1. Quickly run through the stretch B:157-187 and pick out the residues that are within 14 Å of chain A (Cβ to nearest Cβ), surrounded by 20 or more Cβ atoms within 10 Å (Cβ to Cβ) and at negative phi.
2. Condition first: part of a helix (DSSP H, G or I), surrounded by fewer than 18 Cβ atoms within 10 Å (Cβ to Cβ) and in contact (Cβ under 8 Å) with a residue 24 or more places away in the chain. Now tell me which residues in the stretch B:71-94 satisfy that.
3. Among the candidates B:373, B:358, B:383, single out the residue that is more than 27 Å from residue B:143 (Cα to Cα) and part of a helix (DSSP H, G or I).
4. List, please: which pairs have Cβ atoms under 6 Å, are six or more places apart or on different chains, and start with a residue in the stretch A:413-439 that is more than 8 Å from chain B (Cβ to nearest Cβ) and end with one that is among the charged types (D, E, K, R) and surrounded by fewer than 24 Cβ atoms within 10 Å (Cβ to Cβ)?
5. Kindly check whether there is at least one residue in the stretch A:154-171 that is surrounded by fewer than 21 Cβ atoms within 10 Å (Cβ to Cβ), within 26 Å of residue A:26 (Cβ to Cβ) and charged (D, E, K, R).
6. I'm trying to understand the selection: among the residues of the stretch B:132-154, which are farther than 18 Å from residue B:260 by Cα and surrounded by 21 or more Cβ atoms within 10 Å (Cβ to Cβ)?
7. Condition test on residue A:165, is it among the small types (Gly, Ala, Ser), out of contact with any strand residue (DSSP E or B) (no Cβ under 7 Å at 6 or more places or on another chain) and in contact (Cβ under 8 Å) with a residue 12 or more places away in the chain?
8. Looking only at the stretch A:54-107, how many residues end up being under 25 Å from the mean Cα position of the chain (by Cα), surrounded by fewer than 16 Cβ atoms within 10 Å (Cβ to Cβ) and basic (Lys, Arg)?
Amino acid sequence: MNKSIRIKKGLDLRLVGGIDSGAPRSVYTPKVLAVVPDDFRGFVAKLEVKEGDSVKAGDPVMRDKSHEEVKLTSPVSGRVSAIVRGARRKIERVVIEADGNNEAITFDVKSASNAEGLRSLLAASGLWACLRQRPYDIIPNPDATLRDIFVTGFDSAPLAPELSAGIDAQHARSGAKALTLLTDGNVYICQRASSAINFDGIDRVVAVDVEGPHPAGNVGVQIANVKPVNKDEIVMTLDVVTLARIGQLLATGRVPYSTTVALTGSEVATPQLIDTIIGADLAPMLEGKLSDTPHKRIISGNVLTGWKVEPDGFLRFPYRHITVIPEGDDVADFLGWASLSPKKMSVNRSFPGHFLFRKRFAPDARILGGKRAMIMSGEYDRVFPMDILPEYLLKAIISRNIEQMEQLGIYEVAPEDFALAEYVDSSKLELQKIVEEGLEYLRKELN
Amino acid sequence: MKALRKYLDKIKPKFEEGGKLHAFRSVFDGFETFLFTPRTTSTSGVHIHDSNDSKRTMIIVVMALMPCLLFGMYNAGYQHWLAIGASSFPFWSLMLYGFLAILPTIVVSYVVGLGIEFVVAQWRGEEIQEGFLVTGMLIPLICPIDTPLWMIAVATAFAVIFAKEVFGGTGYNIFNVALVARAFLFFAYPAKMSGDKVFVAHDTILGLGDSAIADGITCATPLGQIATHAGDAAPVVTDLSGSAISTFDAFIGLIPGSFGETSTLCILIGAAILLFTGVANWRVILSVFVGGAAMASLSYALQTPTYPASMINPLDQLLLGGFAFAAVFMATDPVTGARTHTGQYIYGFLIGVLAILIRVYNTGYPEGAMLAILLMNAFAPLIDYCVVQSNIRRRLRRANVKK
C-alpha cells in the first residue's frame, strides 16, 4: 500500500490546445542546438570549448565556477559554431552545429557503485545540472549532505504532457536505486496513481500517490506535504524523466539526449508530440505547425513557469514542453474590466466563464490590469498548498528581512511554487521574480 | 471602438515625457486604462494572467452599494415627505427628491477625492489607482443627508490626504478612508453632525418637497432616540409620524439614519453580491455579526436603565444604525482589516463586540460601529502578527521534534 497525499488547494487551468490520446507524433532531428546556462539556476558558467571546436555528444562545453566537476555537456556531436554573450560578457548560450555523425562519449559507469563515484559520473555527464536542491532551488551542492531525495513523477501544469508515458520503467527503477547511494534518507517518488511506475521492493525508495489539482506536481508542494524542509536541511529534487536518464546512463554508459516534446497551446494548428534532442532549435521544428496569428508568444515550457523564446530560439530545460499562445498586444479590449464575455478566464465568479466547467480558454499574454499594491487578501492562499503564509513571506522577501524570510519558510519554496498565485493575483505583481531575487539575495548574504 | 482606440493612440504622445500635456499624464492614463484593458504583456514569470483585476474588484463593490444607494434615495424622499406631514407618497417624486438631494454630495466626494488622487499620481509618476471609486461612493452613503457640502469636501480631502496618500496610496493605508472622513465630520463638527436635524432633508429641491417641516416632528434616528431615552421602561423608538418602529421596519429601512445605512435588506443584497463574487470575506462578515449578537445578548441580559441602549433586544441592535452596513462594507476592506484567516475571525468578532459595547455603554456616542472599526483597523496588524507568529512557532517545533 503506497503512502498517499491529497492536495486540496490549487487550480487546474483549462486551456485550448492540449495533447489527447490520438495526437500525432513526429520526429525532428535538429541541425543546430544550444546549451543555455541560464536554464540551470545556480550554475555560473565557465567555458570548456572555443568557437570552432568539434565536440562529441557528452563532451563538456561548460563547467560551474564554484564546483568545477559539474559540467554541461554537448547533446550532439558537431562543431561549436557560436558562443553568444550578453551584458557584462555573461555567457548566454553555446550553439553547436550537428555533424550528423552521432559520435558519443561512453562514460565509465563501474565507478558509480558508490556515492562518490555516482556523484562524479552525474557531474561529468551533465545530468547533475538537471537536479535541484531545496533550499534555493539551485543545482545541488555536490558536497552537501542530503536529507532525502524527492522525485516528481508527473507534471500538473496546464497542457503539460504525461511524464511517465515515454520513459522506460526499468531505467527509472535503476535510477532510483542508484540515487539511494546519495542520501541516508529516502528517495520519495510522488506519482499519480493512474500512471504510476512500480518501485516496490527497492530499499529506501518510497512511492507516494498524489491526488489533487496543480501545483500537486510541483516537487516543492510534494515535499511540504510529505516531509517539509527545515532550516539547515538539504533535499535534492528531480523529475522522473531525469531519473530514467540516470538509469539509462548507468545501463549504457551514454547520456540519453533524446526527448519527447509536447507542442501545445491555442496557436498550435495540431497539438502533437515531437521526438527530438534537448536544446534543439525551434524555428525549423515549429515550421508549418503554428496558426497564422501575427503576434504569437512561443514558450519553452508551460504557461506558468516556461521561458519566453524568440521564434529562432532553442528548446529550454526541462526540454519537454512548448506552448504557443497569442501575445495579445494588438487587442483593443473596450471596457475590459466590465466585460461579461464568457471567453475571459478567471477564478473570480463575476466572470460567466467561471461557470462553464467544460469550456477551454485561449488566454493571451497580457497581464490584464495594472500593477497595484497587495490589496485583496487570501488570493494566494487559495492556490498555495503548503503550511506557509505566502503573503507574509513575500513581504519579508520584498523588505529583504532575512530573519523573517527564514522564519516564514523561504527554504521550502521555489519560484515555481508561486506561479499560480502570480496568475490569480489581481494586483498583477511579479511574484516569481520577487521570490527568485529573494532566494538569490539570501544565497549571496549567507554564503 | 476602433475610432476611439485610434484617437487615443494619436493623442497619446502628447501626454508622454516631453509632450505638451505631460502634466496630465496620470489623468490620460487613468482614462485610457479605464476605456481599454492595457496591452502590457507579461515580461517575467507567468505568461497568462487571470482576467480579474483591481478595477473590476472595485467596480463590483460599487455595484454592491447600488441597492443601498437607490433605497437611500427613496428613503430620503420618504422621510422628507413624512417630515412635511404629507399623506401621499408618490414613488417617482420621492426617488427624484432623494436623487437630487444626494447627487451634489456624490459629485463633491468624487471630484475632491479623485482630484487629489490624480494630482498625487501625477506627482509620484504612478498610475492612477481605483481605490477611491469605492471610497467616493461610501462617503455619501455613511453621512447624514443634510451634511453641508463644504464639510463633505473638507472631510474627503482630509481622509484622502492624511489617511491614504501619506501612507503611500491605495493598498497601504492603515485606516479605512471612508470611515476617517466620517470620523472627521463626527469629531470636527459635532454640533452640525449630531442632534436630530441632519438626518432628514429639510429643503425644497427644484420645487419638490417643502421647506416647512411640520410642527412637533422629531427627526432623530432610532439610536439617537434611544441614547437620550430616560426612565425604567424599555425605549420605544418612533418614526417621524410618531408610530413605533418595528423590527421589520428596521430591517426594511424606512427610518431616519445615514443615507445608505438604514436598509438591512439592501445591505444584505449587497453582501450577497460581494460574497458571490468573492470580493468580500465571509469570515469577517460572519464574525462581525456573531460578535455583535454576542455582545448585544450580553448587554440585553444585564439591562439597566442607566444605559437605555441595553434594553434593546439583540436583533434590533444588529438591524438599527450603521452596524450591518459597517459589517458588510467597512469591516471587509482587505487593506485595513486582518489578512490571515484566523486573524479575520478575531478581527470581525471584536468589531462586533466593540460596536455594540460603545453603542450601549457610552451614551455620548449613539453609534459605535465607526469607532469600533477604526479601533480594530489599528489592531489588525497586531492580530495578524500573532497569527503569523503561531505559524513560525509551528515551523520551529516541526524542526525540533524531528531532531
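The values are calculated or read from the model by the stated rules, or taken from the named source; none is laboratory data. Owing to the predicted nature of the structure, the values given are computational and were not obtained by experimental measurement. Cβ atoms come from the backbone with ideal geometry, glycine included; neighbour counts cover every protein chain shown.
1. B:164, B:165, B:170, B:173, B:176, B:177
2. Narrowing the stretch B:71-94 to residues part of a helix (DSSP H, G or I): B:71-83, B:91-94.
From what is left, the residues that are surrounded by fewer than 18 Cβ atoms within 10 Å (Cβ to Cβ) are B:91-93.
Of everything in the stretch B:71-94, just one residue is part of a helix (DSSP H, G or I), surrounded by fewer than 18 Cβ atoms within 10 Å (Cβ to Cβ) and in contact (Cβ under 8 Å) with a residue 24 or more places away in the chain, namely B:93.
3. Values: B:373 fails: more than 27 Å from residue B:143 (Cα to Cα); B:358 fails: more than 27 Å from residue B:143 (Cα to Cα).
Result: B:383 is the single residue among B:373, B:358, B:383 that is more than 27 Å from residue B:143 (Cα to Cα) and part of a helix (DSSP H, G or I).
4. A:414/A:137
5. Yes; the residues of the stretch A:154-171 include at least one that is surrounded by fewer than 21 Cβ atoms within 10 Å (Cβ to Cβ), within 26 Å of residue A:26 (Cβ to Cβ) and charged (D, E, K, R).
6. Residues satisfying the conditions do not exist here.
7. Numbers: among the small types (Gly, Ala, Ser): yes; out of contact with any strand residue (DSSP E or B) (no Cβ under 7 Å at 6 or more places or on another chain): yes; in contact (Cβ under 8 Å) with a residue 12 or more places away in the chain: yes.
Spelling it out, residue A:165 is indeed among the small types (Gly, Ala, Ser), out of contact with any strand residue (DSSP E or B) (no Cβ under 7 Å at 6 or more places or on another chain) and in contact (Cβ under 8 Å) with a residue 12 or more places away in the chain.
8. Number of matching residues: 3.
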